[in-house]
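Please treat every number below as a calculation from the coordinates, not as lab data. All of these numbers come straight from a predicted model, not from anything done at the bench. Here Cβ is always computed from backbone atoms with ideal geometry, including for glycine, and neighbour counts include all displayed protein chains.
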Amino acid sequence: MPDARPRPTPTPPDPADLLAWYDRHRRVLPWRARPGETADPYRVWLSEIMLQQTTVAAVVPYFLRFLARWPTVDALAAAPLDDVLTEWAGLGYYARARNLHACARTVAERHQGMFPSHPDDLARLPGIGAYTAGAIAAIAFDVPAAAVDGNAERVLARLFSVETPLPAAKPKLRALGESLVPEKRAGDFAQALMDLGATICTPRKPACALCPWRDCCAAFRLGIAENLPRRAAKSERPKRVGVAFWIVDGTGAVLLQRRREKGLLGGMMEFPSTEWTAAAPANPAAAAPVSAEWRALPGSVRHVFTHFELTLAVWAGRIAGRGDPALGVWVTPDRFAEHALPSLMRKVARHALSKAAGG
Ligand code: SF4
């Protein structure tokens, strides 16, 4: 809808003001080069892939573990995929872990272990989209490329008072971001924009009084900073339900199976379950890999995926003797951490154990 309010005509934002602020207030992050240090493209890439749709606080321990175990892209490329998935477990969006591994292999095999520096070449690698390509090119190689993520989009929408809702506003915000990238210190500029969005220009209650761009910020002048960026109304996620089976053998081990390679949580380990469907399965026991006297545990496990919301009931059953290895791997709960269990399945395990089903 057209906005009838008069548009302010502030002076254009000066990248130098943001860089001066960054020199004083930059965050110290384990993947970030300190002043005077040269950025390590492997660290930059690893952190950017991990940070997609995840917070800095969640990523730090994973990043440090990955780096300790695989200090170079060649080491990561040589690792078995299953080890990578296991280390990744809990970080979500497992297609990213597979792409991470595929990308490491491509860089090791086709680029002699060196990441390319041009955004177009980076964007040809598995798991690297336009944003990540720009971020790596800028941060690791100081190429004047824009890195417009969600934080930067928020800053830019406010700075230029863009009222078009997201996601329709994305191309415009990206173009605005590109228009600001300086020829020199492009990497610092990209990180400064991220830091400004993360620490000052926050989604709620932006600290405009501390902002280096306050005098040129259109949304600040109009007093609408907190209302931007606007977002198109989201349709509600569809709901699905299913039953997970907690099957314990005579030694106390629980059955884990590997999911199909393709699709949601591809290649990860899971407790066997029915299909996840809109309507509750009519006869869940028919989907169980063993016959047992099933006990429906009280409560349920809820998990939100990008495209649907899942509620799993958990049924517990016991079998005599040692479990059949043809069905999957039988693992005692104290060794679950050695397997690539996604967050959903960790929730199932916690739920089952809290109901004392494993005893
Ligand atoms: Fe964000 Fe406020 Fe700075 Fe504008 S002045 S960019 S709204 S923190």
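Points to keep in mind about this one:
- Using equal-weight Cα scatterers in the Debye expression, the normalised intensity of the chain in log10 at q = 0.12 Å⁻¹ is -0.96.
- Extended-chain gain in nm, criterion 0.36 nm per residue less alpha-carbon gap, residue 291 and residue 308: 3.1 nm
- Qualifying trypsin sites (Lys or Arg not before Pro) in the range 241-279, DSSP loop, other Cβ atoms within 10 Å at most 14: 260, 262
- Here the residues 354, 273, ranked from fewest to most Cβ neighbours within 10 Å of their Cβ, fall in the order 354, 273.
- Ordering of 26-32, 210-216 by packing [mean C-beta count within 10 Å, highest first]: 210-216, 26-32
- Here, P(r) means the percent of Cα pairs in each 10 Å bin from 0 to the largest distance; for the range 1-141 it is 11, 37, 29, 13, 7, 3.
- Just so you know, the averaged projected area of the alpha carbon convex hull for the range 130-275 sits at 13.6 nm².
- Kirkwood-based Rg to Rh ratio, the range 188-339, C-alpha trace: 1.23
- Label positions at residue 335 and residue 60, each projected 7 Å from the Cα along the C-beta direction, are separated by 3.3 nm.
- Global form of the range 279-359, assessed from the alpha-carbon gyration tensor, a/c cut-off 1.5: oblate
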